[in-house]
Amino acid sequence: MKQTVLHSEHLKLDAKMVDFGGWHMPINYGSQLDEHHQVRRDAGMFDVSHMTVVDLHGGGVRSFVKYLLSNNIDKLTAAGKALYTCMLNKEGGIIDDLIIYYMSHDSFRMVVNAAMREQDLAWIRQQAAGHDVDIKERDDLAMIAVQGPNARVKAHTALGAEATAKCKGLKPFSALNHKGIFIARTGYTGEDGYEIMVPNAEAPALWQALLDNGVKACGLGARDTLRLEAGMNLYGSDMDEGVTPLASGLAWVVAFEPAERDFIGRRALETQRAQADHDLLVGLVLEGRGVLRNHQKIFANGKCVGKITSGSFSPTLGHSIALARVGRNIKDHCEVDMRGKLVTVRIVKPPFVRHGKSCLA
């Protein structure tokens, strides 16, 4: 299995290591529940160096990215500004979801999912044919996500006074460069914080500095329950090449305007939007006993109308929640087949938790 540059740091902390998409990664460092609460209540950090950073540069990069992605990068006008978007196939299916950063008029940075590294790079290079674009995978960078209500303050202490002065005015979904360190105010937990890209050689020292300043190391298990509470999709579970953003709760990352902008998958999405008969991604809440799990079938009026795409116990709420893809006419309540027994659940609009507080009425 592949190892990140922080692999030995995880072993020092007695992390439980697992195979995660071909990477040897920490699932937890003892208690996944404690790590989840640490992020919601204070500050935790994740090694996300397995993610793929791709830099795009060249005279044709802007027109290329406008064609490649579902969202419109014309929204990005200030250096460091970020945009969440999808990369689609011609049928409108989601090849991957990603964040793109505007670096300059001829330069962008993208961060894509680790499990889709080879497929994404192959697709990007294939679509770039005929465009004046240089594509560079930044495997020289590690990435640490520091998340939680106290994450920024504790990260500032670890980064030093000069970086702190620069970061204090950094707005959400924006980034800056400081002496080769790329600091982005983004994340995958529903909490404030940073995703910090740092040269591989400097990553262990930053990791230790964060530990010394009270940032707890957290594994990918807690990261998954945190993102689920925040209503954030997981590629391969809640979306893939077989479904479109419109059927994945991601219509907001598709920019149909301006009408003259062509992008890969546009025609398929326009057809789906006009027909308006596609399934929808919704939230489910089980307030009684039991745990909602991936792939459980959903029923309404005696008919199977969908399935759970991501389900788990919510440590913040104290009961089970899920994301599910169901028929668009299913409202308010439905039933989930839990080991042969139909259990009633409530349908809600995600997120379930925001800034550590319940979003449920």
Q. Which residue out of Glu9, Glu35 is among the charged types (D, E, K, R) and either surrounded by 22 or more Cβ atoms within 10 Å (Cβ to Cβ) or in a loop (DSSP other than H, G, I, E, B) (or both)?
A. Glu35
Q) Can you tell me which residue in the stretch 185-200 is nearest to Ile99 (Cα to Cα), limited to those that are touching a residue at least 60 places away in the same chain (Cβ under 8 Å) and out of contact with any Lys or Arg (no Cβ under 9 Å at 6 or more places or on another chain)? A) Thr186
Q) touching a Leu at 6+ places or on another chain (Cβ under 6 Å) and over 21 Å from Gly221 (Cα atoms) - does that describe any residue in the stretch 283-291? A) no
Q: Return the residue satisfying two criteria in turn: it lies in the stretch 154-188 and is part of a helix (DSSP H, G or I) and in contact with a strand residue (DSSP E or B) (Cβ under 8 Å, 6 or more places away or on another chain), and of such residues it is surrounded by the most Cβ atoms within 10 Å (Cβ to Cβ).
A: Ala155
Q | Ile124 vs. criteria in contact (Cβ under 8 Å) with a residue 40 or more places away in the chain, of a type outside the set (Phe, Trp, Tyr), in contact with a strand residue (DSSP E or B) (Cβ under 9 Å, 6 or more places away or on another chain) and surrounded by fewer than 18 Cβ atoms within 10 Å (Cβ to Cβ) | A | no
Q.
Exactly one condition in (1) assigned to a helix (DSSP H, G or I); (2) in contact with a strand residue (DSSP E or B) (Cβ under 7 Å, 6 or more places away or on another chain); (3) among the charged types (D, E, K, R) is false for Asp55; which is it?
A. (1)
Q: Sort out which residues of the stretch 19-32 are surrounded by 14 or more Cβ atoms within 10 Å (Cβ to Cβ) and touching a residue at least 60 places away in the same chain (Cβ under 8 Å), and write them in order of number.
A: Phe20, Gly21, Trp23, Met25, Pro26, Ile27, Asn28, Tyr29, Gln32
Q. Would it be correct to say that Ser248 is closer than 27 Å to Lys331 by Cβ, buried (at least 18 other Cβ atoms within 10 Å of the Cβ) and small (Gly, Ala, Ser)?
A. yes
Q: Tally the residues that are at pLDDT below 95 and touching a Phe, Trp or Tyr at 6+ places or on another chain (Cβ under 9 Å), restricting the search to the stretch 1-57.
A: 1
Q: Being buried (at least 21 other Cβ atoms within 10 Å of the Cβ) and modelled with pLDDT of 95 or more narrows it down to one of Phe263, Phe256, Phe313, so name that one.
A: Phe263
Q: Pick out, from the stretch 262-349, the strands (runs of 3 or more DSSP E) lying fully within it that include 2 or more residues that are of a type in the set (Gly, Ala, Ser) and within 24 Å of Val243 (Cα to Cα).
A: 303-314, 319-326
Q | Residues of the stretch 139-153 satisfying the condition of being buried (at least 16 other Cβ atoms within 10 Å of the Cβ) and either in a helix (DSSP H, G or I) or not assigned by TED's automatic domain parsing to the domain that holds Ala222 (or both) | A | Ala151, Arg152
(Q) Checking the structure you have, find out if any residue of the stretch 80-95 is touching a Cys at 6+ places or on another chain (Cβ under 9 Å) and modelled with pLDDT of 95 or more. (A) yes
**Q.** Positions within the stretch 316-360 being in contact (Cβ under 8 Å) with a residue 12 or more places away in the chain, surrounded by fewer than 15 Cβ atoms within 10 Å (Cβ to Cβ) and farther than 30 Å from Gly148 by Cβ, in sequence order
**A.** Arg328, Lys331, Asp332, His333, Leu342
Q: Any residue in the stretch 60-72 that's farther than 12 Å from Phe108 by Cβ and assigned by TED's automatic domain parsing to the domain that holds Val253: show its pairings with residues that are part of a helix (DSSP H, G or I) and basic (Lys, Arg) at Cβ separation under 8 Å, as long as the two are six or more apart or on different chains.
A: Asn72/Lys66
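The values are calculated or read from the model by the stated rules, or taken from the named source; none is laboratory data. These numbers were taken from a predicted model, which means no experiment stands behind them. Neighbour counts are summed over all protein chains in view; Cβ atoms, including those assigned to glycine, are modelled from backbone coordinates with ideal geometry.
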